[in-house]
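One structure is given below, encoded as structure tokens.
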Amino acid sequence: MSCITVTSRIGFAMARDGVFPLSKYLRWIYKRTKTPLANIFFVFVVDSLLLLLQLASATAFNSILAIATFGFQVSYLMPIFLRCTVARKTFVLGEFNLGRFGVPIAIIASIWLTVTSIIMFFPSEYPVTKDNMNYTVVIVGGVLVLAATYWFISARHWFVGPKRVDADPTPLPPGHVASEDNMTKDVSSEVATSRLFAMARDGVFPLSKYLRWIYKRTKTPLANIFFVFFVDSLLLLLQLASATAFNSILAIATFGFQVSYLMPIFLRCTVARKTFVLGEFNLGRFGVPIAVIASIWLTITSIIMFFPSEYPVTKDNMNYTVVIVGGVLLLAATYWFISARHWFVGPKRTDADPTPLPPGHVASEDNTTKDMSSEVATSRV
């Protein structure tokens with residue numbers, strides 16, 4: 001689901017600017033739901049074929065996963081590297097910035113991302129055979145060759161880059177959707193930090209007053225950021241001690257994503273079926289049927305996250321996800337009945353609730369999790 005969401009947005013943005021040979025079809029917008037249906041179905045078909053690939057070859061499927069990770073790495077590396085090199089003096093700082101630490105951190109991040117991106121090409125086992133070979137370098141090389149060929153033969157004669165309706169008067173290709181109709185809204189990349197900050201802001205945790213503290217100069221919750229970095233580093237180091245435990249952590253992450261999608265979708269087609277307010281981006285009359293199908297699918301796949309990956313099950317290949325999730329639920333329930341139920345009333349909204357917020361709360365105009373305009377999001381894509 002997340003792949004379809006992200007890929008369809010990027011594909012739509014590129015098709016909108018005429019990058020692909022069949023762009024006029026991929027950028028077509030269905031007026032009733034204001035969505036690029038052809039693009040979404042195209043991404044769905046490609047994603048489905050890639051998932052089916054694991055039935056034919058586990059090696060090829062693992063290479064596809066490595067390519068996905070490599071792609072994420074490079075998508076972070078390119079803007080960060082340009083930030084600390086050619087754009088070092090011209091880069092315009094936004095409200096959320098790291099101040100004088102920005103360039104040093106960008107240099108460290110660039111080196112780290114370069115090294116880890118190269119590691120994505122390494123085989124996972126030794127000695128290397130045709131069955132455990134990492135074909136990521138072959139596929140990435142093939143894509144680069146095709147892209148370079150397409151550029152020199154055709155694209156370099158007409159492609160001038162993405163269009164911005166707020167800065168470029170040049171007409172856009174037919175089928176372009178203006179920013180107010182664009183589906184490419186911004187999504188925060190600092191998911192763990194922003195979620196933890198939001199919960200600490202409302203006093204959920206015992207040490208919330210520290211986790212919601214804002215460093216005024218950069219307007220960022222520094223204690224929160226360092227706490228998340230420390231926890232993430234410990235979880236990554238866990239694989240050095242136990243591959244089984246680390247795999248369980250990965251399964252928990254997937255399970256968490258599944259449940260985070262399941263809850264609002266399930267409520268959309270049950271208790272909120274008649275009261276749910278449709279936004280500008282909606283599926284019209286297909287919304288509820290799709291929500292029902294998605295709820296069933298997410299429920300089944302979430303349960304599968306608890307299954308062991310091998311048989312017979314031993315202590316070395318056991319999937320401990322159910323143990324960890326059960327432990328977290330037990331701790332959360334205990335904390336709720338002992339303390340939180342006496343004072344926690346849910347998240348506060350400054351635009352709708354006059355009840356005072358806990359000390360250290362940051363109003364929306366100072367919040368780190370701002371929404372950027374769709375023009376900025378589009379130009380970044």
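The values are calculated or read from the model by the stated rules, or taken from the named source; none is laboratory data. Just so it is clear, the model here is predicted, and its values are computed rather than measured. Cβ coordinates were reconstructed from backbone atoms using ideal geometry, including for glycine residues, and neighbour counts include every protein chain displayed. Please note that ligands, DNA and RNA were not included when accessible areas were found on the heavy atoms of the full protein model with its side chains. Shrake-Rupley method; radii C 1.70, N 1.55, O 1.52, S 1.80 Å.
Below are the figures for this structure:
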{"read-out": "Inter-probe distance in nm under a simple model that places probes 7 Å from Cα toward Cβ, at PHE306 and ALA340", "value": "2.0 nm"}
{"read-out": "Residue-wise HN-Hα coupling along the range 34-44, computed from phi with Karplus coefficients 6.51, -1.76, 1.60 (Hz; x: Gly, Pro)", "value": "6, 10, x, 4, 4, 5, 5, 5, 4, 5, 4"}
{"read-out": "Long-range amide H partners of THR220 with built H, under 5 Å", "value": "TYR215"}
{"read-out": "Inter-probe distance in nm under a simple model that places probes 7 Å from Cα toward Cβ, at VAL145 and ARG195", "value": "4.1 nm"}
{"read-out": "Carbon/sulfur fraction of accessible area - the range 1-117, other protein chains in place, 1.4 Å, %", "value": "76 percent"}
{"read-out": "Under the Karplus curve 6.51 cos²θ - 1.76 cosθ + 1.60, θ = phi - 60°, whole-Hz ³J(HN,Hα) for the range 299-312, x wherever Gly or Pro sits", "value": "5, 5, 5, 5, 5, 4, 4, 8, 6, x, 8, 9, 9, x"}
{"read-out": "Whether the range 242-345 is rounded, prolate or oblate, judged on the alpha carbon gyration tensor where a/c under 1.5 counts as rounded", "value": "oblate"}
{"read-out": "Segment LEU283-VAL86, length gained on full extension (0.36 nm per residue, minus Cα span)", "value": "66.6 nm"}
{"read-out": "Placed amide H near TYR30: partners under 5 Å, 5+ positions off or other chain", "value": "THR35, LEU37"}
{"read-out": "Residue-wise HN-Hα coupling along the range 116-133, computed from phi with Karplus coefficients 6.51, -1.76, 1.60 (Hz; x: Gly, Pro)", "value": "5, 5, 5, 4, 4, 8, 6, x, 8, 9, 9, x, 7, 10, 5, 8, 10, 4"}
{"read-out": "For the range 1-129, the Rg and Dmax computed from alpha carbons only, in angstrom", "value": "19.1, 56"}
{"read-out": "Computed P(r) (all Cα pairs; the range 19-68; 5 Å bins; percent)", "value": "5, 19, 19, 16, 14, 14, 9, 4, 0"}
{"read-out": "Cα→Cβ-extended label distance, 7 Å offset, between ARG273 and ALA253, nm", "value": "3.7 nm"}
{"read-out": "Rounded accessible area of LEU283 (nearest 10 Å², 1.4 Å probe)", "value": "60 Å²"}
{"read-out": "Extension gain from PHE229 to LEU37, taking 0.36 nm per residue of separation minus the Cα-Cα distance", "value": "65.3 nm"}
